[in-house]
Every structure is written in C-alpha cells, then in structure tokens.
1. So, in the stretch 268-297, exactly how many residues are part of a loop (DSSP other than H, G, I, E, B), among the hydrophobic types (A, V, I, L, M, F, W, C) and more than 21 Å from THR418 (Cβ to Cβ)?
2. Taking into account only those residues within the stretch 9-23 that are in a loop (DSSP other than H, G, I, E, B) and open to solvent by less than 30 Å² (accessible area, probe 1.4 Å), which is nearest to THR136 (Cα to Cα)?
3. Quick one: in the stretch 24-59, of everything that is part of a strand (DSSP E or B), modelled with pLDDT of 90 or more and open to solvent by less than 50 Å² (accessible area, probe 1.4 Å), which residue is farthest from LEU141 (Cα to Cα)?
4. Test of understanding: among TYR493, TYR473, which residue is within 18 Å of HIS348 (Cα to Cα), among the hydroxyl-bearing types (Ser, Thr, Tyr) and in contact with a Ser or Thr (Cβ under 9 Å, 6 or more places away or on another chain)?
5. Hand me the list of strands (runs of 3 or more DSSP E) wholly inside the stretch 432-511 holding 3 or more residues that are modelled with pLDDT of 95 or more and aliphatic (A, V, I, L, M).
6. Counting just the residues of the stretch 110-129 that are touching a Ser or Thr at 6+ places or on another chain (Cβ under 9 Å) and buried (at least 16 other Cβ atoms within 10 Å of the Cβ), which one comes out nearest to ASP142 (Cα to Cα)?
7. Please count how many residues of the stretch 252-292 are open to solvent by 50 Å² or more (accessible area, probe 1.4 Å) and either over 29 Å from the mean Cα position of the chain (by Cα) or of a type in the set (A, V, I, L, M) (or both).
Amino acid sequence: MTCNSEGGYFCFNATDQCSEAGLKMNTDGVGIPRCEDGTYANTFKCDPELPPRAPFAWTLDANLSPLPGNAATPAMGLHGTCPSEFAGKDQQDPFLLMVQYDKKVIGNHAVFWSGFGNGMGLGSASGFGNEFTWDTEYNCLDENHQNMPAMTKIEYDEGTGLTTTTISGPALSCKKDISETTYKEGKGSKMGKSGKGDDDDECLETGYEVWQRQGDEEDIDLVVDVEVDSDTCTYTMNMTFDGSVMDEIGVPFMNDVTFDNFFTDFFVPRNPGSGFASTCLAEGLLSEFTPGEPKPWNFPEGNVGLNTYYTDYGWTVNVPKKARKATGFESVTLGASPCGTYTQPFPHYSVHFYAVDTDFRKTMTCNSEGGYFCLNATDQCGESGLKMNTDGEGIPRCQDGSYANTFKCPVGPNFAWTLDANPSPLPGNAATPAMGLHGTCPSEFSPTKDPRDPYLLMVQYDGTVIGNHAVFYSGFANGQGLASGQGEDGMMYSWSTEYNCLDEKHMNQPTLTYVHYNTETGLTTTSISGPAVQCKKDIKVSSTKKGKKDSKGEMGERGRKLRGL
C-alpha cells in the first residue's frame, strides 16, 4: 500500500500518483462503491441532527477546509468519517474513522488525545469521563463487510491504569466459542502458532513445510513457456519436464511404474500386500483422517514433508514477469508423489497452475496434524484453516445452485468441492496446507475410471479459485501411455472446459487443458490455454535458465539435496 507522498504521511492527489498502488488509494473517489441512495457503501450512518448534517464522506482530493487535500496514508489507506466528527468538536473528545483501500473498507480507526491514556479524562462535551462509546449502524453492507463493528468503545481503568479500545459486531464464523489473547510469553499465557490461550490447547498448524523437498528445475529440464496472442486475446502456458531422470536425482518409485505393472505392483487398493504398499503404509499413506491418533511422522516434531516415500518432491517456477498480468497466473508447480495420496494411492505427478505466488501459499496453513489433509472446519483453530472453506460456507454459487467459477461436468453430477461431509471414497475433505481445497467433477473419480488416465481438478481458498490442477500416473512421463490416450500415438489427453457462471476475477479460466508425452524428446508437457486478462501486445516468454545442463547429465546439487545425499 504505497503512494507518492514524498516521505510524508499524506498521499498526493490521484493525478500525481505514479503507480498502481497509489491509484488504489482511490483519492479521486472513482470506483468507491455507493448505495442506491447515493451514500457510500459499507460506511457507518451519521447522526442527521449533528451539524453539518451530512452523510459519511471519504477524504478525497477535492476536500474543502480543514483539509486542502485527501487524507490517504501510505500503508494505512484512505480515511473517511462523518463530517460531524470534525465540526467544532472539542479536541479532547475521541474521533471515529474508517480506512479503505482499493474500494474495500480495510480498517476501523479510533483516535483520542494522549491525556486520556494517562487518566486525564475526555473533553467537556463528554463530561470529562473515562469512557466513550459509539453505537454504529451502517449504510448498505455488501457480502465482504458483514462483520463491521456495531459498537466501538474506549475506556480508561483507574484501578489498573490501562486503556482499552473495544469493537464488537457480527462474527463471520461462529461454530464454537473462542477466547484468545495476544499476551506475549512472560506477560501471560503462551500462544501456539495462530494460537489459543494456553500450552495445553495450542493451535499447531501445518503449512508449506510439507512441500519442503523443493528441487532445481534444471535437474529435470523443467521449463514454463507462455504465449499471449493479442489478436485473439488468448494465452497458452506450457510446463515441460523430463520424467526419466527421477531415479538419478533420488526420487523413488517414479521410474519403476509401467502400464503393465501398475495394478499388480503400484496400486495399493489392488495389492495392499506388495512391497510398494507396505513401504508407503509404513510412512502413513492411510493415516490421515484419524484426528488425535499418533502419526508415523511423529507430529508435532515431524510432518509428511520429512518422509522419504509418502511425501512430495517438488519444483516451483514463477511465471515470467511479462506474462503474469496478461494471463493472471503467478506460478507453476510440479509435484512428484512416490506413494501418491489417500485419493490416488499410486506414484503420480501433480501439476498446478497458480493464480497466487509462493509467498501467499506460505500463509495458507491449517490444522492437519502434519499431514497432507486438513482436519474438518470444526477442528480448525486459526483463521487460515477456516479459509479453506471445508464446510462449504463462503464458497460462491451461481443462481442455479452450481458452484461459481468451476467447470461444467460433461457427464454425471455437477462439480463438487471435497467438503467435510464427503461421501465415499473420502472420509473427509481434500484441503491441503499451502495448496487449498480441491474440487472436481465426480465423474473424474468414478469407480469405472482407469486410474492410468489423468485427472483434472481445481483448488480454491477463501472463496476464490486459485489453481488449476492436472494429475497423471508416473508411468505416463516414462512413455508408458494411457488407458484412453488420444492423438496419433495415444500419448495425449485433453479436456475442453466450459464453466458455470464466472465472476470478474475468474474470466481467465482455461478453456483447454492437456497433457502430452513426446516420444521423440522424452519430455512431458502440461498445457493450459484460455482468455487473457490483458492483450495489448503479443508476448512470448520462457523461464529457461542460461547454462542449463543436459537432462541426462550428472545429478545437480539441488537434486542431491532432495534425497539428503
């Protein structure tokens, strides 16, 4: 939240801003939502009896006295309040304001003179008291602002000498009583990560550490290529890698799977007594969905990211900078899962095209007891875990009841997010730390489907689709083919996707996704294409690094570290 302020507390007018962040202060008032009666949306109502008897106002560029300009502040936002707050008011009385950024109210703001915090009371208009309360009603509230405070109070306690500012209002989620404190160790009860109030009830969340086995893309010749066609206003994004080198860089099982031995040796449900199954089960492949029971990875000291077999070996590539705004995608990841997961218990690859970057993914924690699957919403202890939306609350729907921003299913029931109340084959949700809540067409997991064919899924977080996800068994990247392969050589599988209603944030969803193994180069490609977000000019960029080694060369240093060599 930066702006051009020449190092001061107040941003210059919108016409003097030089960046997108500065313009998002909205100091010219453009785009700030209003109610049908013309008042500003999501702001508190002003007392019509108090002079100057005017509604809530944002402090815009064209302000009259006492401000010669706006009151937008770097890293804080644009301030607004009722004009009566500054109309001949005793300065020893408190002030109540709001702040907004990018058309959203992001903060509630109380101001009081320093003497109040020293027990000197308030101004004459308030009777020199030690307490002041605002009861607030609001102009129209949209769905993102239903939690605005109904009461704000400041209070000085003569007994303790402490000053308290309090807000109270409607909760967004109220599945259970919560009582938390931010006391630091030494001043009160200790907190766990995103914690509750005592050592016996810590909130021990799992996050990006389950994906800690990150390798160097050069070790597997991983490249992301992006093209944007300005004439058709469409993009194509390809992620290509060499799957034949997994043994060389220390990733087990991936190069051992063939089309013929898949069911006999590497599909746990068909042969749970195989050496592969025994190895994976010992590391906890089927230990998820049993809250409170000890896990093989010894949570909380350990997690699945420290395993050797039931774990994920990953690679992450940022979308080239020139293509991020044009496509709406930030990063691409490849995961190699030697044991697979509960839902797909066989060696497989996962490819994610993310609309968020890795830093954002690191904030996506949940209570999973160190595993790959978050516990149910009722067992979450932090805000981030609740944003997985595993109870379905907050996930937008279309007017016909189908989930918004998801692809239409060609056969069978509509697209479904994998929620807490899932029927078989999942005993719970399929939300994953640092990845999101998965969803797909139920037909993708039909009992009649051959698991040697790929799967297409989506992931969402906090009500927003943040990723598109393709999964295929590891033998495909070794040239072993598919059960229902397409193309002349049967080495391709594609999905043409139409969507249930799309909102403005999801207009770039792929209309075509395919996976392809090139029998000449030995490389595997996952590709998405769809409407571009921006298409002012043609773009053709690649993530290729200079000096890339031959894919059959020696194991790279990062490759050795994957296995701890």
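The values are calculated or read from the model by the stated rules, or taken from the named source; none is laboratory data. All figures in this text were calculated on a predicted structure; none of them were measured in a lab. Neighbour counts run over all protein chains shown; Cβ positions are idealised from the backbone, glycine included. All accessible areas refer to the heavy atoms of the entire protein, side chains included, with ligands and DNA or RNA removed. Shrake-Rupley method; radii C 1.70, N 1.55, O 1.52, S 1.80 Å.
1. Of the stretch 268-297, the ones part of a loop (DSSP other than H, G, I, E, B) are 268-274, 283-297.
With among the hydrophobic types (A, V, I, L, M, F, W, C) added as a condition, the list becomes 268, 285-286, 289, 297.
Now drop any that are not more than 21 Å from THR418 (Cβ to Cβ), which leaves 297.
Going through the stretch 268-297 one residue at a time, the tally reaches 1.
2. Kept after step one, since they are in a loop (DSSP other than H, G, I, E, B), are these residues of the stretch 9-23: 9-13, 17-19.
With open to solvent by less than 30 Å² (accessible area, probe 1.4 Å) added as a condition, the list becomes 11, 17.
Working: CYS11: 28, GLN17: 34 Å.
Ranking the candidates gives CYS11 first.
3. Step one: list which residues in the stretch 24-59 are part of a strand (DSSP E or B), which gives 34, 40, 44, 57-58.
Checking the rest, the ones that are also modelled with pLDDT of 90 or more come to 34, 40, 44, 58.
Checking the rest, the ones that are also open to solvent by less than 50 Å² (accessible area, probe 1.4 Å) come to 40, 44, 58.
On the way: TYR40: 10, PHE44: 10, TRP58: 16 Å.
Here the answer is TRP58.
4. On the way: TYR473 fails: in contact with a Ser or Thr (Cβ under 9 Å, 6 or more places away or on another chain).
The unique qualifying residue is TYR493.
5. Numbers: elements: 436-440, 455-461, 464-473, 492-496.
Correct list: 455-461, 464-473.
6. Taking the candidates together, the pick is ALA110.
7. 15
Rundown of residues vs (1) open to solvent by 10 Å² or more (accessible area, probe 1.4 Å); (2) polar (S, T, N, Q); (3) in contact (Cβ under 8 Å) with a residue 12 or more places away in the chain; (4) out of contact with any Gly (no Cβ under 9 Å at 6 or more places or on another chain), yes/no style:
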{"position": "ALA336", "(1), (2), (3), (4)": "no, no, yes, no"}
{"position": "THR341", "(1), (2), (3), (4)": "yes, yes, yes, yes"}
{"position": "PRO347", "(1), (2), (3), (4)": "no, no, yes, no"}
{"position": "VAL351", "(1), (2), (3), (4)": "no, no, yes, no"}
{"position": "ALA355", "(1), (2), (3), (4)": "yes, no, yes, no"}
{"position": "MET364", "(1), (2), (3), (4)": "no, no, yes, no"}
{"position": "SER368", "(1), (2), (3), (4)": "no, yes, yes, no"}
